[in-house]
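In what follows, a single structure is set out as structure tokens and then discussed.
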């Protein structure tokens, strides 16, 4: 097993929030977990690793006066989802974000991030006696 390299706490993301390309508004994916330095999203297509992307997150008006935040992030990894082979999990590292938008990002982390629990469920976990 590969040793964990992350130093920042990660949380599952409990709210549906889309990530779009800044220029075209094309959907890149939905956030599935978050840390103070980046996020993982679920995408319908694989993304190249090591690429800087200009992105925006919309629907932040639930926690802010703004309806979206913009930033630059780099793809760090991309893997097919182990439970749903039609989805790709993509890790992003934040590179550049205004201080005001970063404050909103931290509000997202605190408001919608939930402590991570390992996936140990089996089909018997869903059968009620």
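Observations, loosely collected:
- Hey, residue 40 modelled with pLDDT under 95, surrounded by 13 or more Cβ atoms within 10 Å (Cβ to Cβ) and part of a loop (DSSP other than H, G, I, E, B) or not: no
- Taking the range 13-28 as the range and being closer than 12 Å to residue 60 by Cβ, in a strand (DSSP E or B) and either touching a helix residue (DSSP H, G or I) at 6+ places or on another chain (Cβ under 8 Å) or at pLDDT below 85 (or both) as the test, no residue passes.
- Flag if residue 82 is loosely packed, with under 12 Cβ neighbours inside 10 Å and either modelled with pLDDT of 90 or more or in a strand (DSSP E or B) (or both): yes
- Within the set 92, 68, the sole residue that is over 14 Å from residue 39 (Cα atoms) and either touching a helix residue (DSSP H, G or I) at 6+ places or on another chain (Cβ under 8 Å) or at pLDDT 95 or above (or both) turns out to be 68.
- With respect to the stated conditions, residue 60 is in contact with a strand residue (DSSP E or B) (Cβ under 9 Å, 6 or more places away or on another chain), surrounded by 12 or more Cβ atoms within 10 Å (Cβ to Cβ) and modelled with pLDDT under 90.
The values are calculated or read from the model by the stated rules, or taken from the named source; none is laboratory data. Since this is a predicted model, take the numbers as computed values, not measurements. Backbone-built Cβ (ideal geometry, glycine too); neighbour counts: all protein chains shown.
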